[in-house]
Structure formats: structure tokens, C-alpha cells
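The values are calculated or read from the model by the stated rules, or taken from the named source; none is laboratory data. Everything numeric in this text was worked out from a predicted model, so none of it was measured. FYI the Cβ positions are ideal-geometry reconstructions off the backbone, even for glycines, and counts take in every protein chain you see. Side chains included, ligands, DNA and RNA excluded: accessible areas come from the protein's heavy atoms. Shrake-Rupley method; radii C 1.70, N 1.55, O 1.52, S 1.80 Å.
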Amino acid sequence: MEVSRRKAPPRPPRPATPLPLLAYLLALAAPSRGADEPVWRSEQAIGAIAASREDGVFVASGSCLDQLDYSLEHRLSRLYRDQAGNCTEPVSLAPPARPRPGSSFSKLLLPYSEGAGDLQGLLLTGWTFDRGACEVRLLGNLSHSSLRNGTEVVSCHPQGSTAGVVYRAGDQNRWYLAVAATYVLPEPETASRCNPAASDRDTAIALKDTEGRSLATEELGRLKLSGSAGSLHFVDAFLWNGSVYFPYYPYNYTSGAATGWPSMVRIAQSAKVLQFQGQAALDCGRGHPDGRRLLLSSSLVEALGVWAGVFSAATGEGQDRRSPATTALCLFRMSEIQERAKSCPWDFQTAEHNCKEGEQPERVQPIASSTLIHSDLTSVYGTVVMNRTVLFLGTGDGQLLKVILGENLTSNCPEVIYEIKEETPVFYKLVPHPKKNIYIYLTAGKEVRRIPVANCSKHPSCTECLTAADPHCGWCHSLQRCTFKEDCAHPENYENWLDISSGAKKCPQINLFRSSKDKTTVTVVGSFPPRRSEWECVVKNVDTGRQLCRGQSPASKTCACSVPTRATYRDVLVVNVTFSVGSWHLSKRFNFTNCSSLRECPVCIGTGCAWCKSERKCIHPFTACDPSDYKRSQEHCQAAVEKRTPPRTAGGGRFTDNKSNRTHQGLQVFYHIKSIEPRKISTLGKSNVIVTGANFTQASNITMILKGTSTCEKDVIQVSHVLNDTHMKFSLPSSRKEMKDVCIQFDGGNCTSVGPLSYIALPHCSLIYPATTWISGGQNITIVGRNFDVIDNLIISHELKGNINVSEYCMANSCRFLAPSLKSLKARTNVTVKLRVQETYLDCGSLQYLEDPRFTGCRVEPEGDTELEVKIQKENDEFNISKTDIEITLFHGENEQLNCSFENITRNQDLTIILCKIKGISNANSIDTSSKKVRVKLGNLELYVEQETVPTTWYFLIVLPVLLVIVIFAAVGVTRHKSKELSRKQSQQLELLESELRKEIRDGFAELQMDKLDVVDSFGTVPFLDYKHFALRTFFPENRDATDKNESLTALDALICNKSFLVAVIHTLEKQKNFSVKDRCLFASFLTIALQTKLVYLTSILEVLTRDLMEQSSNMQPKLMLRRTESVVEKLLTNWMSVCLSGFLRETVGEPFYLLVTTLNQKINKGPVDVITCKALYTLNEDWLLWQVPEFSTVALNVVFEKIPENESADVCRNISVNVLDCDTIGQAKEKIFQAFLSKNGSPYGLQLNEIGLELQVGTRQKELLDIDSSSVILEDGITKLNTIGHYEISNGSTIKVFKKIANFPSDVEYSEDHCHLILPDSEAFQDVQGKRHRGKHKFKVKEMYLTKLLSTKVAIHSVLEKLFRSIWSLPNSRAPFAIKYFFDFLDAQAENKKITDPDVVHIWKTNSLPLRFWVNILKNPQFVFDIKKTPHIDGCLSVIAQAFMDAFSLTEQQLGKEAPTNKLLYAKDIPTYKEEVKSYYKAIRDLPPLSSSEMEEFLTQESKKHENEFNEEVALTEIYKYIVKYFDEILNKLERERGLEEAQKQLLHVKVLFDEKKKCKWIGRQLHSINSPPSHEGALKQGEGGGFI
């Protein structure tokens, strides 16, 4: 933790778009500060903050409490309950997305008892630990142990809410805590872990005696939830008018949605007995169609009797539903809330009430004039300064706004007084400085900042300072600038300080006026600083420097100076007037150049000129007017006063919404707006925003209106250029960060909405990789950062070559481009990567160019007769070559070419080897002998590499006989030697085998009894895939390419919505012999996508097809129905279950399933894992058991991470202790070290695994650790053994340094059969037992010795597995998912209709339709649900679990013997228990009341709406048409034979005609396009990324 001083962020540069000066200054006025603000950083996200009156600022984060002084200098840290450890160790806790309530271990932080007589100040803290514990500590001495503590005081759930306030009450004047909390959450896992006692489960608010030892609660000191109330989320607690108020809102913690209106509950400020005084609903929904039902922040403005709250509407996953009106600040009068609060049993239990049944809470309306609507507010704090109400607002993009309420509590346009560079969302609680009201503490993420509450120094003059109406600012005479009162010398002297109550009229002003016919007088009016010396005033001619008059006066009088009227003075055009007293000076310049052109008296007099009343003209002040009455002229004409008019907009006007219709040449014109591009622009504005639509050329006056914050002026922009009837261009001005509504107005008519447009911060670059490339260019370079979607283009800048524009592909957080060629420059040079936004260039980092790679030769070797292996040798260099950068071609025969597929790059001490393979050929040996050269393309670099020379044939003929003779003699000698020692070795082997058996059996028994896997319950956010990818992976296990869109599909869409037609088509297709099982599955999946938004219709199709399938199955064996995927309906059923159960899978089953996969991975990695075969000691599958395991032990390493540019943060812990196994390879050790760094710091190291190296440090010597190096052991048959930690003889406590490699290697290195790790080749089995311990002993292993490891793994995951199974076959809230209940009832009804009395048949149908078709597919494929990679080993283990799952649904009893497979025996004892639970599950579903058709239709309709616009349905329709046209004649014949399908037959023929015409037009268009334009890669790129259906 550290304190740093940060300067204000730089002001954005001037945009290219010309703006009026005043509008430009207002738009770009960046928040500024007079001094650097202090910043304090924690290791964990901050959960609570409070400031005491005397003892500083307290911050709770993770399990740590920190005390800071008011300047945010660190004083002291304490862990919860003074536990061992320190606050630098991060706690893994991922906060959910905004505006969902944040996760935090700290729940309360309340200083109290400050200044209460002789009592010491106390601090009450609440934590989720120990079932929601509280501690009371001394404010002034945190190092002292806690005075009192208690449990079940606050919420024990990190996501649960808690709000509380401490007050004095009762006869004994004791301190009581009124606390409201979410004590119970609906999730079963967390509920079983820390839920309170059954009698307290429905408690919502409690009174706690803080002076009691355990913070006890009396029986009458509880307010309980009513039976109908769900979970409540409490936001704040405060005292007002003798009562305690708790703002809250009903909240579903599972779905993340508010379930009711925000409300305020009121209880009496009493002791022991809690008196419920009612609740009132709060309505802050104005301006949003769905209302705002989330309450994000709360603040009581006590002096005004007003409560302020920040309310939000739901924003959806990934903030995709955020709009300019999502959040709002609303103010409510407390007196009205108190009056409207009713004691009815809506959310809370109450015994006495006189409420009518069905009566709903009356919603209190906010003060309309003060409501402020904004796109992303997060927090509020309100106060009263100088009788002005001031509100500070935090935003989700790191801004601190200031709002000053005027008369009638009218909100002004907020001022941005601070911006966080990293754009971290502001914490929901803003804390004022308790001693100086000029500071406020701003919390965001892991940081706290002390921010000045105003930017007074930005007002250069007294008039501007006071007319700004900021109550924190005033004019300081002694400093002659706008300051805080505390910053002005002697502010208590009212003559030295002017605040806003004085008004601008009190500002010192110099007046020049015609006092008589003969003279013009200069004087000063207003307020002045204290005067202790004489006044002096001087008027000078600026052009000549000559004094026109000079005056002096005593301190008690004001100085005046008169200029005589002379003909010679008429040439004086500019004068400078100066007044001074002591060190104080005031000056003003008057310009008389344009006096004669001024036509109005007030303007004339205001500029210092004179007004001639008789001639009604403006004249030079030093000349005469005859006849003239100057005195009367001055009385009748007051000097003009500067009027502060609102800034004119970029288009030159204000917006008025005229609702009248517009006509053009007598005809009414309808203007259509289609889109606006781009939707995001930078704060600099955008000079080419394109709007598309229709009839633009019909309008004579087109304006765009931008509306951001509701209390700010709208921007009105005239169209820059109407390009044609469908496109026009606007030039948008600069603005601050916010989302704005856009509408277009034609000829003063209605303003047509275009949707939102976001102003976002300028792009920021954090990383360029690779940072080194070759001089010929062409390598793929990636830039990582944020806000890249607003850049205009990317530029490479070089001091000699200048700026080079490059083509880029940018998304929000990354940009990709090809490095340009710099062949004309020197070999080693650096260039700067720049981003252009408007006319502003932003430096993004440097890119280093080095000499092109040098290739020294290549070898071509056959691998069998179907595969060639090409190895290309390259000199070692610093390049990071990836698979996408390189292209290799082999030339052979008569200039024939073969493309070589890149495999990997291996770097040795002298050379780098690039390996590629040519597969799928039939004559590898002949190609090898005829191969000539290899062409290597690296980006723009193209080289030809010749083959290395090989020894000639005659050389081998000479050497071969000699070698044969040597081999024969050696073989004879070895055979004789082995025969002598055979008997001796046999006895040794038997003894060793017996010893090994004894040891392994004992160790296995001990492990089963003692071993315990530390499973981490809190594993952060579950990485769920979004619905699109879940559905596609379920529907199409094999990826498919996209198909071009076809606009002629409307008719086909209507045709497949004809049920009779669609059923006839499916039956016809299934009768075709070449309509394979794969085709049936694909057709069903395409049909599911095409009808994704018509689930009611899809369900009816499923019913019809299932009945038809039953008719087929009833003639043979009904028990086999739905068992295999051999028909369209069976795959359709799988897809239908996936669609309808996706929500249940995500909300109920997803978390235990992810925990199972995580726990299984932990257990596997606890023991040795062979890198080559992926077999492990701990597994569930005997086929993946590493039974040839060597002896191993744990080695504790002290790892030091090198400081790298990608991770330069000072607060990152770089010395970490990591446990590895001595049998781990260096690559495995790297993975464990990376994981330890992530766990320690909460963020990755910044490099990929293949970009780092490890060094063993022994004293001053370093040795690089590699999987393969010169010290690697090469076994007798030429196989290389991978290096391990034990190979390098690394002991406990050794220091390992992590460093960044100069050249990188591919991350997916695949070892060939020439390498081994833990499983040694058979030839090593006969090595002598003596020597290194890893040799010889492997052969004495017996596989059956290690079967206990399967049982050990089963025990480790058993509780997690049972929790997963029971989450699948349980009924949450005694309700089955709609799809399951509906389809099971459907099957029951069909069995009854067919007179099937055997209950086993229906059981098998249900099992085949749900567990077999859906759950087994999910259990075996976690990558369908989560964003994870499934390894082959995990796949093997999940197959065992899936088999056990299906056995639980089987009706046949298992007859297993001792020779049965271990995969069956492993769960044999558990299966009977599971079977009983499954039977109960089926029975419970059958006993539930049946679903009505309306309930099911409503469910399916809601699911359809959820998935609107998820998929490109046109692609699916195109694929369906391909099947129809393939079997067109058969389908047509079927339609002809069926009655009632004549119309469908006509429609089908019409569809075919449309498709044929479209295909013909498309072919002609392609030919013309290929003639007129070069090929484009844009379509391919979008296809590759979109996957076709997304």
C-alpha cells in the first residue's frame, strides 16, 4: 500500500472541427486542481470507508482495516480479529457487474461516541466472517484488541447487503445499533454455509445493544420479513426527526433483477423494543420506460430536510441496455416520506395495522425540478453551503460531478470537477472531509483520493468567480484571484473576501463617464481590500505612453481622475486606467476605436464612449457635443451590463421541438432515419458522422439534436453536407464523457430519434506485442488498451520516413495491423506507433525493427510414406514468430509445390529449428529424393532455403560392414555378461518388488484415511459462455462455416411455418437412403435456429413428430424410443431441451458443475502428471492412471519476478513462495509459478507462458532452466528425457528468477516420440537399480498397486459430485422447470392414450429424453457451458462420472463381480442411493399440478423474446433450402399425394423460382464485381469471426 501524488489529467487537445470560442471552452474545460491530490491504494477492492471527526479516515478492504490520516498517509493496519498475516495478501473476490450490488467482506464501518462527554470515540466494524460478525474498537487506538464482538449481526454473504446506524436511547442513555441486513440468500450453497438460526432466518432489521458483550438483541428488538417478501437489499441507514430510516429495494440475487419499487422503511429511534413506523415506496422512474427500480446510493441533506438517491434501471448483461436515461438523481422531502409511510404488512411483519387487503404502497414522487437524468451515475453526497444545496455525483466511468441547486431546488448542468484516468467506477459512498469542507474523499476500485470540491482557480476575474454561483468559491482581494475561503489571507475580514452572497455587483469595477461638458471622469466602484495607504489612479494613452491624468486621495476616500475635453485628444484610441492602493492593483483598458459605429445608448456608455442625446449618436468621450446635457444623458442611459447568455451550440441555435407536419411542394414528405455511424466518438468530437435513411434531399433545413444530462443544454448541429437522398454528414462538437440521445429534425418538424451516441475518453495504449519485428515488415502486430473504437487511423512514425498510414483492424480493447516494410532504412531502427483521433496524434509506444531473419539450411525427412517432415535452420534472433506469420512451401520434381503445415519452433544454443509437416501424401520417399528447395515467407520477406548436403551412398557402403562387425562382437560380449548375472538380478528384482508392494499398499491405505483436498469454495465468477455460444456448441459440436446471406428467404420462412408442410418435408427426407444421420442432426439444428423466435410453433412440431415416432416404435420395441439420435425429432428434442433449460442450467446447475471441474483439476495436479501422455497419478479413469510413477517430493521455491514494461505497477508482489514437485518439468513448474503469481496479486504477470524463462540463482551465478538442454539425459534408444526440477538438483528454498525471453517460442509445444518424461521406454527397465533413483525402479511397478488412487480421487470430489447430481434432480421451490414438467406430462399422456401399462416404458422414455439426450451431453462437455479448455484427461474422468449418472437412471440391477471394470466398480455402492433419489424425482414431477397451455405458451414466448436477434436466421433458412432443393422432386411428389397441401405445393414452387432468380443475379453480380474491383478480405474476416450464425 502506498500514497502517491497525481497531477491533474491533461486537457484534451483542440479538435479539428471549428467551434465558437465560448462553446469550445465550455466543451473542453477539463477538471483542474490547484494542488496534487493524495491517493492511497489497497491490495483488495475497497468495501467500506468512513471518516471520523478526530482520528482520520478508516478503510475496510478484504479482511483488513486501515487507518489513514486526513491527507491519506497510512497510519495502521489491522486484520479481522487480529489474525496472523498482513494486509498485502490479496483476497480472491470478484465483484459482479454494475449496478448489481458489489461483493465485499466488510459490511459496516461506523465511528460513534465522538465528543460525547468524557467517552472515547469508538469504531464499529461488521464483516462476513464468522457468520456475520461485528467488532467494537477504540477509534484512537486500533492496535488495542477489540472491546466487544458478536456474531450474526451483519450479512455473512459477500453479496448480501447491510446498513446500520448507531444512536443513543433509553433511560441509561446507552448506545444502540439499528442494523438492516440480507441475512439469507436464495443460493443453497451459501445458505448452508452461514445462514442464521431458524428462528432468525426471517429477520430483516434488528436493534443491538453495543455496550453488551456480544451485541445481543432482545426478543422484541427484531423486525421480520413478511411471508410474501423476497430478498431485500438495504443501501443506507440514517437518523431524522426521531426515527431511523433504511432505504432499500426488493432484489433477486439469483437473476440480478429488482422485483419491486425502491422503498424507505421507518422505525422509532428507541431502545430494546423495535417499533415499526411504516414503509413508503419511492418513484424515480420519470424519463425511462421501465422505471428505475435499483437504488445505488443514498444521502440525507439534513439541513434541508431532503433525501437524495441515485436510482438505476436494469442494464442487462454487459451493460448492453444502458441508455442516456438509465440512471437518475432524485430528491424527496423527508416530511412527505414520513407522512406517506404506512404500517402495512407488505415487506415486513406487523401485528397491528388497518390496511385493506390488496392495498399497495403509495409511491412518493420526487421534487421534479431537482431530478437529474444521466446515463451512468453511481453515487451521491449532498450538503448545504452558504444556503445553497450542493450535490456531488460519482459516475461509472470515473467522473466526479458537482450540481448546485438554485431557487426551488432546480438542478443546474453538472460540472466535472475530477476524472479518474483509469475510468474506474466510483464507489457508492462519497465521504466529506470532517474538518475542511473543501475536500471530499473519492473511492474507486482499490483507491481512495482526496479531491478539492471546486476548481475555483479556473475563474480568472471577480465577476466570473461570483456569477458562477459556486458557494465554495469567492474572490480574494489580497491574492486577486478566485479561491477557497481557507486559501485567502485574512478571510474573516469581510473587506478582503467576497462570496456569492455579495453578488457580482460588489466586484471592483472601473467606470469611465462624461461628468460634464468639459471633462470625463474615471472612478472605481464596488468592494475593496482594507486600505492603509493612499489611493493612486492614472489614465494613460496606450499608443504613446503619455499620462492623460493622475489622481491621489487618502485611504478613507476613493480616488478619482478627470480627463479634460480637448480637440487633440480625439486621436486617443486606447487608454489604460490603473487604480492602486498599497500592493493592490486594478486596471482596465478602454477602446474608443468604434464609438461612432455604436447605435444603442447602453452599449455606448458601457464601453466608455459618450452618448449625445440630442443627436442620438455615440461619440468619443474626450470630444464635445453641442448642444448637450451630459448629466441628464447619463441619468437616462445606464451602462450596459454584460449578460451571461447560454453558449450557442455548434449549429448556432437552441432546440425547439415543433410538432407540425411538413410538406414539400404540396405533398407530405416522410423522412426515414435508419442508422448513425459511428455510435461511439471521442471527447474531441467527430467531423464525419454519417446518418443513413431516406428522402434527405427533400428537406431544406436539417439539424441534429444531442441531449445528454437532462439539466444541460441540448446541442443543435446543422447538417454539414447532404451527400445524397440516403446519406448525410454531420460534424459533431467536442463534449465531456457521457451517453447522449440523438434525434434528427427536418424543416423544424418532429425530431426523429436515432438512438444513443456515446462520448468516450481518448484511446489509451497499455501493450504492443510483439515489440520487435523484421525490417521487411508484414508481421502481425497487436496493440492492447482501451477505447480503440474511436480512432480514425493508425500511423507508424519515423524520423526519416515521416508518417506512414497502415491498415488496422480495431475493436474496443485491441488493434491489429501488419508492420510496414522499412527496407530503405538501416537494419536496426525504432519507430513510434501513433493513433490519430481527429487531428490529434496520441503516442502508443515504440516498435523495434531488426535485420531480417537469416536461414542457414533445411532438411527434408520422410515419416512413413504419407508424411514429410521439413526442418528449417535459422540463426538465433529476437523475433517472436507465430503460426500466422510464416508460410512454407516445398519445391520438388519439375517445379511442383507442396504447402508445409507449421508445427513449432525450437531454439537451441546455436540455432533455431522451424518444424513443419506435409501430411496426406502417397509418395513421401520419392518426393524426398526429388526435393530441391524450400520457400519461406515471413510477412513481406520471401527467401529460398537450399537443402543441406548429405553423405554419398558409397560412404555408407564402406562404413556399414565395419559397424556390423563391431555390433556383432559387442552383442556376444553383452550376452555372455548378462547370462552370468541373470540369476542374481532375478532375486534382487523379486525382493525389490515385494518391498515396493508392501510400501505402496501401506501408503495407499494411509492416504485414503488422512489425505484431504483443500477445495476453494470461493472461485470467483463462473466463466459462463453467453447463450449464443452455448447454443451453437450444443447444436453443432463440429464448427461450421458461414453461408452468404440471402434476401429472398421471406417466402421460405412463411412456408416452414406451415405445420403440415414441414412435417411432410421431414418425413420425406428421413425416407431417403442418403439422408444420413449427420444430415438429420444438422437439419434439426438449422430448424431450431430458424424457429428460435417461434418456440411455441417449434414445440407443436416436436409434439407431432414425437407422436409419429411413437407410432413407428410401438410396432417393435417401445423401450428403444429416443435412445439413439437416428431421426430429426430426436436431435430436435435435444436442441429444444437445450433452449428451454439454458436458464435452469446457468442459475442452478452451473455453479456446482464448475466447482466439480475445478476440484477435479486440483486433485489431478496434486500429484505427478506425465507431460507426454497426460496420464496422472490421481484420476477417476483407469486408462489415464500413471502407475509407472516415480518417487516424488514437494520442493518449496522462492520465485523472484523480473520487473517488465507489461507489469510495472509498484504494488505488485514480486517475491513469491511456490510449491512444485521434483518430478515436474520446467514447463509444468512455469505453469504453477504463473498460477501462484495470479493468486497472489489478483492479476496475471503480463506475459504469455512461452515468453518467459526461468533462471536458478546460486550466489552470483545463474543457470537457465529448460525442458531440453545440453545436460538432458539421452537414453540408450536415443529418446531424450525431459529435464525436471530434480534433474537440476534444486532444493527447498532455492531462488528462481522469472525473466522475459529475448526470443519467444510457441506456447503449444508438442513433444514427439523421441521424448519422454515420467513413463520411461521399455529399454530402460533393465537398467541397474543402483545409481539415480529414477532409473530401474519403474519396471517394478504393478498397475493394480495404484488402483487406490482412483478411490482417493473419488473421495476428494465426492461431496461436490453429489451436490451436482442433486442440483440436477432437485425441484427448487417445489417447482420443476417448465420444459421438463411439460414434456414428462406429454409422455405420460401418450402412454395412457396408447394403453401402455408397463411403468418401465414411461420411465425409459423420460430417461432417454432428458438425462440421456441433455444432461449427459452437458456433463461430458463442460466447454459447452463455460469458457474453459477440456483436456483429454478431464474428458476421461467426466466419462466415468457421466456413466455413473446414467446408471442412476437405469431400471436394471447391476450384477458386478470382482472382475468388472474399475470404472463401473468405482460408484457401485452409490448407485442404489442415486436410483431411489431419481425415482422420487420422477414421482415428484408427476405429482406436481399440470401446467396450463397458457402458462407454457407464456414461458415459450418469453424464451423466444430473450433470443431475438441472437442468430442470423437467414443462414439457417439457406441451409434448410439446400436440403429441400436436393430432394425437391421427392418432396413435391409427397405434397401431390397428400390432401390439403395444394397451396403449400404452389408456395414451394414459387420459393424455388425466387431462389433460382436470386442465384442468377448473384452470379452476374459477382462477375461484374470481379471485373470492376480488387478482391476484399473483409468478408472473410467477418465470416471467420462471426461463425455464420452470430
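See the values below:
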{"quantity": "When each of K1381/K1546; K1232/K1263; K402/K714; K421/K686 is checked by Cα-Cα distance, pairs over 30 Å", "calculated": "K1381/K1546"}
{"quantity": "L1532 accessible area, assembled protein chains, probe 1.4 Å, Å²", "calculated": "30"}
{"quantity": "For region 145-162, Karplus couplings with θ = phi - 60° (6.51, -1.76, 1.60), whole Hz, Gly/Pro x", "calculated": "5, 5, 6, 8, 8, x, 10, 6, 9, 10, 5, 8, 9, x, 8, x, 9, 8"}
{"quantity": "Using alpha carbons only: equivalent-ellipsoid semi-axes of region 343-430, gyration tensor based, whole Å", "calculated": "35, 19, 12"}
{"quantity": "Computed Rg/Rh of region 1132-1230, alpha carbon atoms with Kirkwood Rh", "calculated": "1.15"}
{"quantity": "Accessible surface of I781 - all protein chains present, 1.4 Å probe, nearest 10 Å²", "calculated": "0"}
{"quantity": "Amide H partners (placed H, <5 Å) of Q277, local residues excluded", "calculated": "R266, I267, A268"}
{"quantity": "Neighbourhood net charge (12 Å Cβ-Cβ; Lys/Arg +1, Asp/Glu -1) for T829", "calculated": "+2"}
{"quantity": "Solvent exposure, largest accessible area first (probe 1.4 Å, DNA, RNA and ligands not counted), of M264, M811", "calculated": "M811, M264"}
{"quantity": "Estimated dipole of region 782-924 in Debye, rounded to 20 [Cβ of Lys and Arg +1, of Asp and Glu -1, Cα centre]", "calculated": "480"}
{"quantity": "Principal axes of region 844-972: Cα extent on each, largest first, Å", "calculated": "71, 35, 22"}
{"quantity": "Within-15-Å neighbourhood charge of G126 [Cβ basis; K, R +1; D, E -1]", "calculated": "+4"}
{"quantity": "Rg to Rh quotient for region 807-902, alpha carbon positions, Kirkwood Rh", "calculated": "1.10"}
{"quantity": "Interatomic Cα distance distribution for region 479-629, bins of 5 angstrom, percent", "calculated": "2, 9, 17, 19, 16, 14, 10, 7, 4, 1, 0, 0"}
{"quantity": "Total formal charge among the other residues, if their Cβ is under 11 angstrom from that of A313, Lys/Arg +1 and Asp/Glu -1", "calculated": "+3"}
{"quantity": "Reach of K272 by Cα under 27 Å, taken over lysines that are not fewer than 8 positions away in the same chain", "calculated": "K107, K208, K224, K342"}
{"quantity": "Region 673-695 versus region 1435-1506: alpha-carbon centroid distance in Å", "calculated": "54"}
{"quantity": "Out-of-range pairs (alpha-carbon distance over 23 Å; input K1059/K1505; K1230/K1430; K1119/K1526)", "calculated": "K1119/K1526"}
{"quantity": "Largest-first principal axis extents of the Cα set of region 376-532 (Å)", "calculated": "70, 31, 30"}
{"quantity": "Residue-wise HN-Hα coupling along region 687-694, computed from phi with Karplus coefficients 6.51, -1.76, 1.60 (Hz; x: Gly, Pro)", "calculated": "8, 9, 8, 9, 10, 10, x, 8"}
{"quantity": "Whole-Hz couplings from phi, Karplus 6.51/-1.76/1.60, listed for region 379-386; x for Gly and Pro", "calculated": "7, 8, 9, x, 8, 10, 10, 6"}
{"quantity": "Accessible-area value, R131, 1.4 Å probe, nucleic acids and ligands omitted, Å²", "calculated": "110"}
{"quantity": "Semi-axes of the equivalent ellipsoid for region 407-453, Cα gyration tensor, largest first, Å", "calculated": "21, 16, 10"}
{"quantity": "Solvent exposure ordering (accessible area, 1.4 Å, most first) of S161, S731", "calculated": "S731, S161"}
{"quantity": "Quarter of the Cα convex hull surface for region 1154-1293, i.e. its orientation-mean projected area (nm²)", "calculated": "10.5"}
{"quantity": "Distant-in-sequence amide H partners of K617 (H built 1.01 Å from N, under 5 Å)", "calculated": "C612"}
